[in-house]
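Undergrad: Take this structure first; my questions come after.
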Amino acid sequence: MIDDLFSIEKYAYRTSPIHRLDARVKLLLTLAVIIAAVAVPYSPKVIDLAVVFFLFFAALWAVSQLPVQVYAQRLVLILPFGIFLIIFQIFVKNRYYDIFHPIVSLPFGIEIYAESVEFASILFAKFIVCISFIILLSSTTRMQDLVEASGRLGLPKEFTLPLGMMIRYLFVFAEMFLKIRSALETRCFDPLDRRLPYRYRLLQIGYTIGMIFVRSYEQGERTYTSMLCRGYGNDSGMHLRRRPLHLREAAFLACSILFIVTVTIVIYLAP
């Protein structure tokens, strides 16, 4: 996973109409979809809304010229964080229904209800739509551009400056970890080798984690000292160049927001 960190932005450096869009446009578009998907009350109408939003996402992904495998791989990595909570819902009587009809009876008095399955499907639809647009945002926008866009949109400097520093030095700490791991491999240490005593392996892994913390602390001290020498203080902040939106970017954002709002209202008010 640490090795993949150095290639996490590989696809964000490509060129396409979506990549060239201002990061503020993509960030606001993603937030608009998430707010619309979450704001609609739990009902079967959410499925129709999710289908429309996903088709919108698919069109944007096609314009970005990114492989479908990239979306599938990143979705699979994120899916476990929400799928277990969604699956758990089929066993629970939630507050959105008054009457429950069991469809499957399991041992120990556990039952699966039709209404709970419907609720889990609605929750899954919202989850997929929100995650898909977040994947689109992260796959077509560089991390530094995303932080700068947040600052231009009004995110306080107390957030933008630490985020910018974290992105910059995350790769430094990852390189430290790779050096430590290389040193362990040259000494023929494998934490998964069952021929070594379990306690010895656990002790060496603990030493490695402790060494990373110590080196991170030392790097942080050196970085902070360098910042003080360059005039860093309480009033310091990230420098954000003025960058007005182009007419086509503003038009695309306005049309996208109008589309999202219109579709949400029409589907919500539909009988």
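The values are calculated or read from the model by the stated rules, or taken from the named source; none is laboratory data. Here the structure is a predicted model, which is why all the values come from computation and not from measurement. Cβ: placed from backbone, ideal geometry, glycine included. Neighbour counts: every protein chain shown.
Undergrad: Residue under question is Ala23, and the condition is that it be surrounded by 13 or more Cβ atoms within 10 Å (Cβ to Cβ) and of a type in the set (A, V, I, L, M); does it hold?
TA: Spelling it out, Ala23 is indeed surrounded by 13 or more Cβ atoms within 10 Å (Cβ to Cβ) and of a type in the set (A, V, I, L, M).
Undergrad: Could you say which residue among Ile18, Ile90 is of a type in the set (Val, Ile, Thr) and at pLDDT below 90?
TA: Matching residue, one of Ile18, Ile90: Ile90.
Undergrad: Right, next: Tell me, yes or no, whether the stretch 81-89 has at least one residue that is touching a helix residue (DSSP H, G or I) at 6+ places or on another chain (Cβ under 6 Å), surrounded by 11 or more Cβ atoms within 10 Å (Cβ to Cβ), of a type in the set (Phe, Trp, Tyr) and in the same structural domain as Val263 (by TED's automatic domain parsing).
TA: no
Undergrad: Pairs, please: C-beta under 7 Å, at least 6 apart or cross-chain, first residue touching a residue at least 60 places away in the same chain (Cβ under 8 Å) and in the stretch 193-212, second part of a loop (DSSP other than H, G, I, E, B)?
TA: none
Undergrad: Residues Ile257, Ile212: which one is surrounded by 11 or more Cβ atoms within 10 Å (Cβ to Cβ) and over 30 Å from Val129 (Cβ atoms)?
TA: Selected residue: Ile212, the only one of Ile257, Ile212 that is surrounded by 11 or more Cβ atoms within 10 Å (Cβ to Cβ) and over 30 Å from Val129 (Cβ atoms).
Undergrad: Is there a residue being touching a residue at least 60 places away in the same chain (Cβ under 8 Å), part of a helix (DSSP H, G or I), more than 30 Å from Ile86 (Cα to Cα) and among the hydroxyl-bearing types (Ser, Thr, Tyr) anywhere in the stretch 101-121?
TA: Checked against the condition, which is being touching a residue at least 60 places away in the same chain (Cβ under 8 Å), part of a helix (DSSP H, G or I), more than 30 Å from Ile86 (Cα to Cα) and among the hydroxyl-bearing types (Ser, Thr, Tyr), the stretch 101-121 yields no hits at all.
Undergrad: Moving on to the next point. Give the residue, chosen from Leu258, Leu240, that is outside any helix (DSSP H, G or I) and not acidic (Asp, Glu).
TA: Leu240
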